[in-house]
Every structure is written in C-alpha cells, then in structure tokens.
1. Under 23 Å from B:D204 (Cα atoms), at pLDDT 95 or above and not in a strand (DSSP E or B): does that describe B:A292?
2. Return yes when B:E402 is touching a residue at least 24 places away in the same chain (Cβ under 8 Å), not β-branched (V, I, T) and not in a loop (DSSP other than H, G, I, E, B) and no when it is not.
3. Does the stretch B:149-157 include one or more residues that are more than 8 Å from every other protein chain (Cβ to nearest Cβ) and part of a loop (DSSP other than H, G, I, E, B)?
4. Pick from the stretch A:42-75 the residues that are among the small types (G, A, S), in contact with a helix residue (DSSP H, G or I) (Cβ under 8 Å, 6 or more places away or on another chain) and more than 29 Å from A:T132 (Cβ to Cβ): which of them is nearest to the other protein chains (Cβ to nearest Cβ)?
5. Pick from B:D207, B:D120: which is away from chain A (no Cβ under 13 Å) and under 20 Å from the mean Cα position of the chain (by Cα)?
6. Restricting to the stretch B:295-346, what's the tally of residues that are part of a loop (DSSP other than H, G, I, E, B) and touching a Gly at 6+ places or on another chain (Cβ under 9 Å)?
7. Consider A:Q79 against the criteria (1) assigned to a strand (DSSP E or B); (2) more than 14 Å from chain B (Cβ to nearest Cβ); (3) surrounded by 18 or more Cβ atoms within 10 Å (Cβ to Cβ): it satisfies all of them except one. Which criterion is unmet?
Amino acid sequence: MSPVIVIGVGSPFGIDRLGWDIVRLLQQHGALKPLVPDTLTMESADRPGTRLVAMMKGAEFAIIIDVVQSGMEAGTVVQLNQDDIHNAPHQVSVHGFGVADVIMLADKTGDLPPRLNIFGLEMGQDTDWTPTQIQKNKLVDVIVNEIREFLAARADE
Amino acid sequence: MTDSREVHINVPVMARVEGGGALALTIRDGRIDMLKLQIFEPPRLFEKFLEERNYEEVPDIVARICGICPVAYQMSAVHALESVFGISIDGWVRDMRRVLYCGEWIESHALHIHLLAAPDFLGFPNAIAMAEQHADIVRRGLRLQALGNRLMHLFGGRSVHPVGVRVGGFHHAPSPEEVATVVHELRAALPEAEALVYWTASLDLPDDEQSFTCVALRHPGEYPMNEGRLVSSGGLDIDIENFDSHFAELHVRHSTALHALLDGRPYLVGPLARINLNCDRLPESVRRVIAATGVRFPSGNMFHSVIARAVEVFYALLEAIRLLENYALPKRPFVPVTPRAGSGTGCTEAPRGILWHRYTLNGEGFIQSARIVPPTSQNQARIEEDLRVSLESYGLDRNEQELRLRGETVIRNYDPCISCSTHFLRIRVDRQ
C-alpha cells in the first residue's frame, strides 16, 4: 500500500464525474508520475459506498475528490478535513451522506487513515453547473501541492 | 379496548431510495384502514433501453440497473440469451459464474446484516451510532463486504457494475496466482462467517410467526443460484419458461412499480424463501451450524431472514472455496455463440430473490423486446401484507414513533433493493 492514496468518487456522468476528471489530470501530471505506484496510488470509484474504507486502508494520507455543495460560490476550490465532515450540518457532496457517512463510520471503527482530506469544487445550487478547465486546473494544483508538502514533511520525520 | 383514534402516517418521500417511494398508513378504530407501500423503480425503463441493442451489449447495460446486485442482472440476462442461441454452459464457465454470484451474495448480505438491519435489532438509529459501541460488528461487516467485492472484481473486472461477463462466459480469466490469493482470504474469513450465523441467531429478533408462500429456484443437486425450477411452498414446480402461467404482474394505483402475485396471492422471494425451500441442498457443514443455533428452517418468522442471509454468507464462502481451490486457467473463458432469432428466459437467485428475464431477438442478435421482473417488485405485495399483520400484532395502540420504527424494521427486513434503505421513513402524523 502506498502512503498516499487519491480517490476520485462519483458516477462517470455529468458533473458527478468531476472526481474522475481530476484523477485523470493528476495521473497525467509530471510531478506525480514518478511517485506512482510506490508512494502514490490514484484511482476513481463509481459511488464506492463502504468500499471506501477498504480502499483507504493502510494509507497515511487519503485524498477524496468529489463535487461539493456547501453554499459557497460555484467553482470555489473546497478543502475539507475530518472535523469539517463531522460538523457538516448538511450533506457535503452530491452523493447525499454517502462519503460523509462512510468517513464517520470509519472514524468510529478506528479505520481512518491518520490524515484525510476531501478536495472538490463547489457546485452551488445550479445542478447544470459545469466546471471550467481553469477551475479544474486550480484544483489539481492545490492537490499536487498538498501531496508535495505531505511527502516533504514525511521525509523530514 | 377499542382505540377510537384515527392516525394517518404519511411518508411522502423515502430518502435515499432509488427511484423514490412512499408509505401511507391510516389507522381507524384500532384497525389498519389503509396501507400503501410505494416504490418507484427506474430500472423498469431499461427494458426499453435494451430494444434494438445488440445482444453483446446486454450484460453491460443490465449491470447498470443495480449497484448492489449487478451480477444477478448479468446472470439472468446471459442465461436467457444463451437459451435463445441454443448453447448450454458447463465446466469452467459454469463454476466461475457461481463464484461470481457467491461474491455478490457475500457483499450484499454482509452490507445488509451489519449496516442496515443490525441497528434495528440492537436499538440504534443508524450504523454510525451503532459503531460507537459495536465497532467490531461494523468492522466484520466491512471486511466481509470487501471480500465479496474482491470476488466480484476477480471475475467482473470491478465490483460495481462489473464488465467481465459476456454471453457465453467471461471476457477474461484471472490468473491462478490471483485466485490463490483470494482463496487464502476466503479461508481466513470462514471462522468469522460461521460466527456470523451464531451472532444473527442470538439477536433479539421479534417473534412474529406468519403464514406466507415462499418462492425460489430449486436445483436437483445444489443450493440454487443460476439454475433450477421455480418452486413454491404451496407445491408449485414449474420450468422458468412457464412463469407467466402462474405469476402475474399488475399495476396498482399507488405505485409505478409492478406488483407480482402467484396465482393471485402475494409471495415471498429472497434468502428466507430460498433457505425454507432448499435447506436440504446446503452442505452438511452448514446444516450442522444451523442446527446448533436452534433455529429451524422452514421458518415462518420473517425476521429469520437476517439469519438466512448469514447462513448464505457462510455457504457462499465455502462454495467459492470449493470451486476455486483447484482453479486452472481455461483454454478459453467463454463459449462462442452465434446469434439467432428467438425468445429465451433466464431466472437466477439475486441476493433479494428470483430475478426473471425474458428477451426476444431477431436473427442478427438485436433485442426486439425485453422483460425484467426484479425481486423487490415481487416482494412488494408481500411487504404490504407483512406490514398489516406485523403492525396489528405489534399493537396499533402504540405511539406513532413506535409504529414507524416497527414499520421501518419490517420493510428493511426484506432488504428492498432501494439503496441505503436504512432510516428512509420521514414521518408526518395527522391526528383527527
């Protein structure tokens, strides 16, 4: 198991495929390619439900990518940590409570990776909203930087 | 004492239900005056989607009907199409299809037992709350579910909406090394699966004996999955081709999903019906464990469904090991098929019960008509019947909260193929 895993979740259709698109962009990113597979695993999952727990098992840092609906302006890069999930008064992704439920469940059973972040783009209230390439690239840059910083800190330990 | 109150329980939207559904209940003068379970099943539209599609596309299209039991849809479809083309499947392909089905039973049943049903029987509002005090139970469910997914991935290429199935067999045969790894994992999980049977039998399940008709496949030599005749506890014993001569689908005003009746009466499909009709087809090692629990099948207690699911998880592990322990690569993982015109039927045992398909094709192998009868659709009338009996037996003078919870428990006990069926009842009570 690589220490870092990136999982794009969602169905492969419509706006719900954002996670898939971002994972594909990350897989093509020059800075990440050398890290695969020993240090970094990247995959997409079609509404994984509780399989998410098994997918994250053994990772030190898990990144989940999904569309987010949290009331911010559409296109905003959103980064949530485990506490944000617990405090979320409403659903935080288009899969209802799917991802959040699984994270809370894994937390109760002690099966969460030491660090977990959800990254996504805010979709706002418009279900027809489509992210621009610039917005997607911005999200990719944020995730790449997070992975770099994590690995740098890990190397220093 | 006569309860003169009038209670209306309206559940306008069942949250987290595929296709949407509702429950309406009116209690008047201490009797259930009206009870309607509505489930709207979008998968029905797939019958139209399939028309004019080539037979080769069917396994991948029908897998999309359900994220929890895609294998069942694939298996019923390929068997129906193969019957049109006049080929019979045996040897490696037959065995590995059974293994694939074992994976789906394990995955689906483990999810339902631990995350959907267990909170009802242990007194928790949901699995997350239950996990605080019973993390071990949730972990076991997740482990077994992941193991089922592993099996599905092995032959399906992926565990959700698998793509490995084709008419005639599989697109790909996994390597003996991959299989050996999975067999090792299956063996390691056996004690846990056996313990699961004892655990479900130890739950404080409601004692709710009812009279109902069970329907399942029955095979002369094995516990049914992909093949068999349609039998019932009422003496029915027919070829799957003759489904329409005894079973009737009908529209009811309160649901867009078709109800199904056997000779005009509701009937049960699913694990309890399966085990009630096929307990003698389970291996001795499984029957010994059942006997040790003190539970007897056939059972008229609908809540023994959760035990039946656990038994099937244990059995599916044993069966998958049996079929895989001498695994060898086949020369070819499929039988070549040549399309021809005709009609064919397939019926297999989905985790939730019999799933019946019928297709008519033209000479080029394009679908002219398709008909799919899913298990949840078939169980609808039985669920309504059960709700009436269960709630009246439970006591209609109880408060709305208690009635709602019992109603939810009764419905969830069927593991209706409405994803994430836990806690789907939002309730509004009008008192008059």
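The values are calculated or read from the model by the stated rules, or taken from the named source; none is laboratory data. Keep in mind that this is a model prediction, so the values were computed, not measured. Reconstructed Cβ throughout: ideal geometry from the backbone, glycine too, with neighbour counts over all protein chains shown.
1. Working: under 23 Å from B:D204 (Cα atoms): yes; at pLDDT 95 or above: yes; not in a strand (DSSP E or B): yes.
So B:A292 passes the test.
2. No, not satisfied.
3. Within the stretch B:149-157, the first condition is being more than 8 Å from every other protein chain (Cβ to nearest Cβ), and the residues that meet it are B:150-157.
From the residues that got through so far, the ones that are part of a loop (DSSP other than H, G, I, E, B) too are B:157.
Yes: one or more hits.
4. Per the criteria, the residue is A:A54.
5. Exactly one of B:D207, B:D120 is away from chain A (no Cβ under 13 Å) and under 20 Å from the mean Cα position of the chain (by Cα), namely B:D120.
6. Just the residues of the stretch B:295-346 that are part of a loop (DSSP other than H, G, I, E, B), to begin with: B:295-300, B:325-333, B:335-341.
With the extra rule that they be touching a Gly at 6+ places or on another chain (Cβ under 9 Å), the set shrinks to B:330, B:332-333, B:335-341.
So the count comes out to 10.
7. (3)
Residue-by-condition table, conditions (1) buried (at least 20 other Cβ atoms within 10 Å of the Cβ); (2) under 23 Å from B:I65 (Cβ atoms):
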residue	(1), (2)
B:A308	yes, no
B:R322	no, no
B:E325	no, no
B:L329	no, no
B:T338	no, no
B:S343	no, yes
B:G353	yes, yes
